[in-house]
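Any read-out appearing in this document is the output of simple, stated calculations on the displayed coordinates, not a laboratory observation. This structure is a prediction, so every number in the text was calculated from the model and none was measured. Neighbour counts are summed over all protein chains in view; Cβ atoms, including those assigned to glycine, are modelled from backbone coordinates with ideal geometry.
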DNA sequence: TCGCCTTATCGTCATTCAACGATATGATGT
DNA sequence: ACATCATATCGTTGAATGACGATAAGGCGA
């Protein structure tokens with residue numbers, strides 16, 4: 001029950017191998033997936049958030065709000081978009097929420113972009 | 001002056017080395033650039049167009065319209081978006097227009113996504 | 001020159017997006 | 001139980017997007 005929670009749960013420091021993605025990188029399905037992911041990244045604020053989460057090994061939570069020149073509600077909206085795209089995951093950690101990158105999904109994005 | 005133009009001008013079959021991009025893949029500038037590129041890709045039709053152009057070694061023009069279930073004007077709009085993002089280039093080839101991928105820019109996109 | 005073919009642009013409409021402040025929700029510590 | 005802090009959601013507004021048909025623009029061949 002330590003109060004310095006945050007971390008532990010999220011953002012594995014030593015990344016597990018995680019089974020490789022066998023889904024195709026071409027075809028209508030893949031096109032739609034790439035479009036969805038790209039759209040989620042298609043805003044500077046969301047790119048910044050992704051970088052923030054990638055940079056800090058541990059997943060920060062609302063510190064994101066402090067880093068961006070946007071209202072808290074706006075940041076929350078952007079986080080929602082990223083979450084819905086599966087690029088980010090939020091774990092409730094006491095009174096706050098700890099966000100971290102979903103490495104699987106990020107790899108998928110890279111694979112799809114790489115297939116172009 | 002052969003009439004089977006299309007190709008020749010566009011889409012070099014043997015890709016020139018092209019000087020590598022020295023611009024940073026991080027920072028506000030890069031974030032904005034990634035967001036811009038991602039946004040351009042953020043629609044299934046545009047992903048399809050990109051694939052089409054990548055797949056065919058030569059750059060096709062209005063055949064794109066035939067490949068997509070969209071009105072000609074809509075496809076033209078999507079091409080405009082891709083063109084404005086620099087992902088695609090259009091060369092006038094007689095009465096038609098030959099589109100092809102801008103490899104430099106596509107590489108840039110890959111580099112930016114890869115930096116995440 | 002005239003008409004044809006190809007592509008871009010215009011005008012319109014419905015939808016989505018981005019931003020904000022205000023407010024609800026939910027967990028903590030007192 | 002309460003006040004508090006952190007986050008999500010709501011409601012609104014203006015701007016951007018996506019789609020289409022109609023129309024303009026530009027080059028070619030007859």
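Can you figure out the FRET efficiency of residue A:65 with residue B:111, using R₀ = 25 Å and their beta-carbon distance, to the nearest 0.05? Taking R0 as 25 Å, the efficiency between residue A:65 and residue B:111 is 0.30.
Per residue of B:59-69, what is the mean number of Cβ atoms on other protein chains within 10 angstrom of that residue's Cβ? Write down the numbers at each step before the final one.
Numbers: counts 0, 0, 0, 0, 0, 0, 0, 0, 0, 0, 0.
Mean shielding count: 0.
Put a dot 7 Å past the Cα of residue B:32, heading toward its Cβ, do the same for residue A:104, and the two dots end up 3.7 nm apart. With just the Cα atoms defining each centre, how far is region A:47-108 from region B:42-103? Give it in Å. So the two Cα centres are separated by 34 Å. With its label point defined 7 Å out from Cα along the Cα-to-Cβ axis, residue B:67 lies at 3.8 nm from the matching points of the other copies, in increasing order. In this calculation the C-beta distance from residue B:55 to residue A:56 is compared with R0 = 25 Å, giving a FRET efficiency of 0.05.
Extension gain, residue B:76 to residue B:92: 0.36 nm times the residue separation minus the Cα-Cα distance gives 4.3 nm.
Take residue B:26, push a point 7 Å out from Cα through the beta-carbon direction, and compare it with the same point in every other copy: 3.5 nm, smallest first. For the segment B:106-115, counting C-beta atoms of other chains within 10 Å of every residue's C-beta and taking the mean gives 3.
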